[in-house]
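To keep things clear, I will list the structure first and then write my remarks on it.
The values are calculated or read from the model by the stated rules, or taken from the named source; none is laboratory data. Being a predicted model, the structure only gives us computed values, none of them experimental. Ideal geometry is used to build each Cβ from the backbone, glycine not excepted, and the neighbour counts take in all protein chains shown.
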Amino acid sequence: MPDLSIVIVTHNGRDLALTTIESALAHLGDASVEWVVVDSGSSDGTPEAIEERWPAIEVTRLDNVGFAAANNVGFAGCRGRYVLALNPDTEVRWGRFDALVAAMDADPGIGAASVIQEESDGSFQSIRRDPSVLRALGEAVWLRKLPGLHTWQERELDPRAYEEERSVDWLVGAVLLVRRAALADVRGFDERFFMYSEEADLCRRIRECGWMVRHLPVMCILHHGGKPNPRLAAQQTFSRLEYARKHFGPVHAACYRAALALHHLLRLTGCLLRTGGRERLAFERRALLVALGLTPPPFPAPRPSTDPASRPPADVPVDVASG
């Protein structure tokens, strides 16, 4: 049984994906690792490029079924004691994966964890608080900027919060390590989330099963992210509404929808008052229409079986490429 199964879901972005694997390989330390790469409908030769450079890594090819569903396919083939969902747009800044494994071994109560995730602008914002109406409202009208209201937002922006190990509500899924037993408890990502909010939901369910979710500052990984576009903004808003429908009552979910709509309405108004903001205008307009329920999300509906509880645990080993 390897220490670590690294699951990477690709969808185009060939060069970044190659850089991600190269960087991870250089920072394994003494950890034994297997590689599980799932390609979700790439059209730029990403899977072929990976297999050409590393013949031992076999890429599973799927249609574009969504981030959550593609990761679940990868999870089903994992044999490692820990499973790391790693975005194909990341690079290790410092640290080694064997130190991350050692930190998990030192505390059997940790079900999921991540490390310092640095954004392209140099900020840290991978530690998140659970979604709520007050936090959505605080983000919409900038209440978080007032004294004493800094927690009225999901993102933890204080760099000092990333210096020490701590328990958190949820962690951004660009780098998300899950203990095998915890993954079996929650049965993977909920596939109703095509992309976005799947890690918030997963971490919530892991905590509900009695495990801790921890920030472990033993590594720093750069998350390049992508250029914002209207389709992704709309999908993100839809996923947040799906999270509210799943975890909140009807009144709470309706208030949450109103806070999201206010958020995009205020920013859309700001774009209209400024010149040269056409890209952001399209970004906010489409997200507002989704928040109001006036347009569907950009990506197709998930497969019929969206409830993780309807699937068997992802703990049956199958042959996968290892390195």
Check: Which one of these is closer than 15 Å to SER239 by Cβ and either touching a Lys or Arg at 6+ places or on another chain (Cβ under 8 Å) or crowded, with 16+ Cβ neighbours inside 10 Å (or both): ARG267, ARG285, ARG257, ARG280?
Finding: ARG257
Item checked: Conditions (1) free of Cβ contacts under 8 Å to residues at least 40 places away in the same chain; (2) over 30 Å from PHE248 (Cα atoms): number failed by PHE124 -> (2)
Check: Restricting attention to region 202-234, which residues are out of contact with any helix residue (DSSP H, G or I) (no Cβ under 8 Å at 6 or more places or on another chain) and not acidic (Asp, Glu)?
Finding: CYS203, ARG207, GLY210, MET212, ARG214, CYS220, ILE221, LEU222, HIS223, GLY225, LYS227, LEU232
Next item on the list: Working carefully through the options ARG155, ARG160, find the one that is closer than 22 Å to GLU119 by Cα and either surrounded by 13 or more Cβ atoms within 10 Å (Cβ to Cβ) or not assigned by TED's automatic domain parsing to the domain that holds LEU216 (or both).
Entry: ARG155
Margin query: I need the helices (runs of 4 or more DSSP H) fully contained in region 17-112, keeping only those with at least 1 residues that are surrounded by fewer than 18 Cβ atoms within 10 Å (Cβ to Cβ) and under 22 Å from the mean Cα position of the chain (by Cα).
Written below: 97-106
Margin query: With the structure loaded, tell me whether ALA136 is part of a helix (DSSP H, G or I) and touching a strand residue (DSSP E or B) at 6+ places or on another chain (Cβ under 9 Å) or whether it fails that test.
Written below: no
Margin query: Contact list please: Cβ distance under 9 Å, first residue in region 103-119 and farther than 17 Å from ALA24 by Cα, second residue modelled with pLDDT under 95 and polar (S, T, N, Q), pairs at least six apart or on different chains.
Written below: GLU119/GLN125
Item checked: Residues satisfying the stated conditions in region 6-55, i.e. of a type in the set (Gly, Ala, Ser), closer than 15 Å to ASN71 by Cβ and out of contact with any Ser or Thr (no Cβ under 9 Å at 6 or more places or on another chain) -> GLY41
Margin query: Exactly one of these conditions fails for GLY111: (1) in contact with a strand residue (DSSP E or B) (Cβ under 6 Å, 6 or more places away or on another chain); (2) on the phi > 0 side of the Ramachandran plot. Give me its number.
Written below: (2)
